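The values are calculated or read from the model by the stated rules, or taken from the named source; none is laboratory data. In this text, all values refer to a predicted model and were calculated from it rather than measured experimentally. Cβ placement follows ideal geometry from the backbone for every residue including glycine, while neighbour counts extend to all protein chains displayed.
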């Protein structure tokens, strides 16, 4: 397959999401506005108002209802999309679990924003990180181009018959959601062909025959029943199995998409940047990776063996890939744009540090909580983190394992 | 809107297939289960049902069993109207794209009083404001029965529940029942009706009207609960009828906002002497037992006063006055 013809448009991350939804033959969008996600909903409303899409747009009275409507529409057989951030995502919390539990392949864009209080509309990852246990696939984009590409891939991932799980595409508030960037756009028909028409797995129906897994009067099934101690556990176990299969599917769809777009983000799960011979490295998600790459390049010109590992998916967490990529690193800084208060650092730190326990050798690991409430993460702050890593490399000692970067002490 | 000319006979209804089947685990004498069975007898074709969390969800779908012969979904407690919104939107979009096998599919949302008066009212208000085409059926048993008889916004004044217990000082619930059907009329939706399981034909006709309505329709069904109201399981229909005869739960409907008293209640407007006193209704239910102690007897008068006040207000809305 040859790379398809594309055109370059200047757009922000929110507009890139809306365009991807427009092109992906989405049946139902149910959403509620919240800064900084609002532009997505506004653009989609415009597409509907101008008759550019056949999508049914439901402007709900709350995020709780927005996700509920998507879930129910998805159960009815529709391809569905919603978007949220911060308090809106927190209000959806209950229905996040119901959506994955009902195996409804809803796709949602999250313009990552801090949680109240104090109220703050700017970027951090507290909103989506707190939902890491809700059985949603989480993809964190580095830039608007990746946001656009990930959105299109997400419909395929979510609806894959071996996965059937909802997907969050996370883009950093304002840094991506509101910043103009040149984005390469595929033709409508190319995207439509790539996403295809939604398929349904067969399940055992009421009369003992196999029927499509959706609300269909010709083949009635009961969805979301009372499920007690005799079966609930098995159903939850099945969700874990789907998450185990998901990495392979995400990689395959990422690979297939790269053949028409010419763009790749590592292997679709992780992106290793100058890690092959790196002694010191950082791990992060989201737009901070872009700034960090510049810092790594700068350090490399000075002869410092620095690298970066960017996680594209945090759920599923591609542990094997992460371990492989960090195999030779001697001092490692894990960057968390959210905190687990009263715990021992941020969520990415917890999981990577824990996974190193069984490794034959592991690096000195330090955690940096950074950028809460949209606090800027300039190259100088990142450079200081690499300087700390160089010191750890020399002294072979971590003075404090959890630190805060860019905060008044 | 046009009104249905459908007048179901008992024979026709008995012969019509059960869509909400027996074998579910509702209590003996359960009013809501009767309401669901009656509403499902009024369906006119392909139908999708969504249920809020509550008694009827719990008793009818214990995995791997189901009492439903139609596609059915439950997601949570406070959002059944949002479920209906999503289902209706999906049907519209798929029909537009030629991906729907049916010309029309009706959508029914069932919820109890907790899921309607209290936690679900936001989603309900939003869904009807948006004008989705669905029938919302409230089965009202006047408390959170599924969790063990806690008071709701529907629980009547003076009723003892586990969170409004009758004590030495307080005579059960101090507040009055929220006028939910009038609140729905105030949303200016095309069809609102009240119904009682004691009058099945009236209930079925109203359910059919709700389904035929283009846009949102709301039905408030009075469904006594032997466990929560504390009466013998054989008395459910009798109490449901008494609710109408005392005018504590009058039957009426609004078509495009115009109030019409249903015949079962109209009789008490025309012949007020036949309207029964509320004390007999209260006496039958042990949730009101404490009101018959000398200390709390005045509460019965308060209830009677409020029943009369609301009844007279309804008569004015129906352009009728009680002739006493």
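In the list A:365, A:385, which residue meets the criterion of being farther than 19 Å from residue A:112 by Cβ and surrounded by 21 or more Cβ atoms within 10 Å (Cβ to Cβ)? Answer to the check: A:385.
Criterion applied to B:163, B:116, B:155 was being outside any strand (DSSP E or B) and closer than 21 Å to residue B:203 by Cβ, and the one residue passing it is B:116. The residue that is surrounded by the most Cβ atoms within 10 Å (Cβ to Cβ), among those in region A:3-44 that are touching a strand residue (DSSP E or B) at 6+ places or on another chain (Cβ under 6 Å) and within 14 Å of chain B (Cβ to nearest Cβ), is A:29. Can you name the residue in region B:11-39 that is assigned to a helix (DSSP H, G or I) and free of Cβ contacts under 8 Å to residues at least 60 places away in the same chain and is also farthest from the other protein chains (Cβ to nearest Cβ) among such residues? Result: B:11. The single condition among (1) within 23 Å of the chain's Cα centre (by Cα); (2) within 14 Å of chain B (Cβ to nearest Cβ); (3) farther than 20 Å from residue A:260 by Cβ that residue A:200 does not satisfy is (1). Checking the structure you have, find out if any residue of region A:63-82 is away from every other protein chain (no Cβ under 11 Å) and closer than 24 Å to residue A:312 by Cβ. The answer is yes, given that some residue of region A:63-82 is away from every other protein chain (no Cβ under 11 Å) and closer than 24 Å to residue A:312 by Cβ. Between A:352, A:392, the distinction of being crowded, with 20+ Cβ neighbours inside 10 Å, within 30 Å of residue A:116 (Cβ to Cβ) and in contact (Cβ under 8 Å) with a residue 60 or more places away in the chain belongs to A:352 only.
For region A:290-341, filtering for residues that are out of contact with any helix residue (DSSP H, G or I) (no Cβ under 9 Å at 6 or more places or on another chain), closer than 20 Å to residue A:405 by Cα and outside any loop (DSSP other than H, G, I, E, B) leaves 2. Scanning region A:223-233 for residues being within 10 Å of another protein chain (Cβ to nearest Cβ) and more than 14 Å from residue A:104 (Cα to Cα) gives a total of 7.
Okay, residues lined up against (1) crowded, with 17+ Cβ neighbours inside 10 Å; (2) farther than 24 Å from residue A:120 by Cβ:
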| residue | (1), (2) |
| --- | --- |
| A:329 | yes, yes |
| A:370 | yes, no |
| A:396 | no, yes |
| A:402 | yes, no |
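Filter region A:342-365 for residues that are touching a helix residue (DSSP H, G or I) at 6+ places or on another chain (Cβ under 9 Å) and assigned to a loop (DSSP other than H, G, I, E, B); which is nearest to residue A:386 (Cα to Cα)? It comes out as A:363.
For region B:144-167, the criterion of being under 17 Å from residue B:50 (Cα atoms), within 14 Å of chain A (Cβ to nearest Cβ) and surrounded by fewer than 24 Cβ atoms within 10 Å (Cβ to Cβ) is satisfied by no residue at all. You will find that of B:177, B:206, the residue that is in contact (Cβ under 8 Å) with a residue 12 or more places away in the chain and in a helix (DSSP H, G or I) is B:206 and no other.
Listed by position, the strands (runs of 3 or more DSSP E) enclosed by region A:104-203 that each have at least 1 residues that are within 30 Å of residue B:98 (Cα to Cα) are A:107-112, A:167-172, A:181-186. Taken across region A:240-259, residues that are over 20 Å from residue A:138 (Cα atoms) and either touching a strand residue (DSSP E or B) at 6+ places or on another chain (Cβ under 6 Å) or part of a helix (DSSP H, G or I) (or both) do occur, with at least one present. Filtering region B:60-100 to residues that are in contact with a strand residue (DSSP E or B) (Cβ under 7 Å, 6 or more places away or on another chain), more than 7 Å from chain A (Cβ to nearest Cβ) and outside any helix (DSSP H, G or I) leaves only B:67.
Yes/no per residue for (1) farther than 20 Å from residue A:55 by Cα; (2) touching a strand residue (DSSP E or B) at 6+ places or on another chain (Cβ under 9 Å):
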{"residue": "B:102", "(1), (2)": "no, no"}
{"residue": "B:112", "(1), (2)": "yes, yes"}
{"residue": "B:119", "(1), (2)": "yes, no"}
{"residue": "B:134", "(1), (2)": "no, yes"}
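The conditions of being more than 8 Å from chain A (Cβ to nearest Cβ), on the phi < 0 side of the Ramachandran plot and at pLDDT 95 or above are met by residue B:111. Filtered by the rule that a residue be within 27 Å of residue B:189 (Cα to Cα) and out of contact with any helix residue (DSSP H, G or I) (no Cβ under 6 Å at 6 or more places or on another chain), region B:4-33 gives B:5, B:7, B:33.
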